[in-house]
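First up is the structure itself, then whatever we jot down about it.
Just so you know, all these numbers are worked out from the coordinates, no wet-lab data involved. The structure presented is a predicted model; accordingly, all values stated were derived computationally and were not measured. Here the Cβ positions follow ideal geometry from the backbone for every residue, glycine too, while neighbour counts run over all protein chains shown.
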Amino acid sequence: MSARNQIRVSWTVIVTTCVLVGGPVLAASAENGKTAFVTHGCWQCHGFQGQGSVATSNGAVLSNTALPFEAFEGFVRGTNRAMPPFSEKILSSADLADIYAYLQSIPKPQDMSNIPLLKP
Ligand code: HEC
């Protein structure tokens with residue numbers, strides 16, 4: 001097999017694996033998610049970067065959330081506490097997967113030990 005064909009085969013295997021294994025999360029778009037985060041009003045309580053606040057999100061931080069997608073979706077669909085639930089009628093699963101991708105794409109804050117001003 002030529003090198004070119006080998007590359008083609010590897011590429012097909014990678015793409016197929018991503019589509020089959022990753023499902024909606026890997027197909028998600030952080031760029032669409034940023035827009036959906038704004039149009040669905042998540043920012044009003046969670047801040048534009050998902051940074052949250054004690055006053056409006058009970059301290060919950062969404063950027064780089066440790067929640068797996070299933071738990072994230074479960075919360076958004078089913079919460080009955082301070083946050084209103086978002087059913088699939090008003091927020092599609094595709095948009096929610098995009099929102100998750102956006103939140104995961106936000107750069108992590110740097111470690112405090114790397115900030116000279118904060119060193120003793
Ligand atoms: C009216 C304010 C409000 C809006 C709008 C809102 N949230 Fe929340 N959200 C909260 C509050 C408050 C909490 C803390 C939940 C609690 O303590 O019950 C929370 C918690 C969460 C959590 C759980 C975080 C964790 O680590 O446990 C997720 C996920 C979440 N919100 C996603 C979203 C998404 C996505 C949207 C937009 C579709 C959204 N929220 C819109 C107020 C809001």
Between residue 53 and residue 115, the two model label points (7 Å from Cα along the beta-carbon direction) sit apart by a distance in nm of 1.9
Listed by chain and number, the lysines with an alpha carbon less than 29 angstrom from that of residue 89, same-chain partners under 8 positions apart left out, are 34
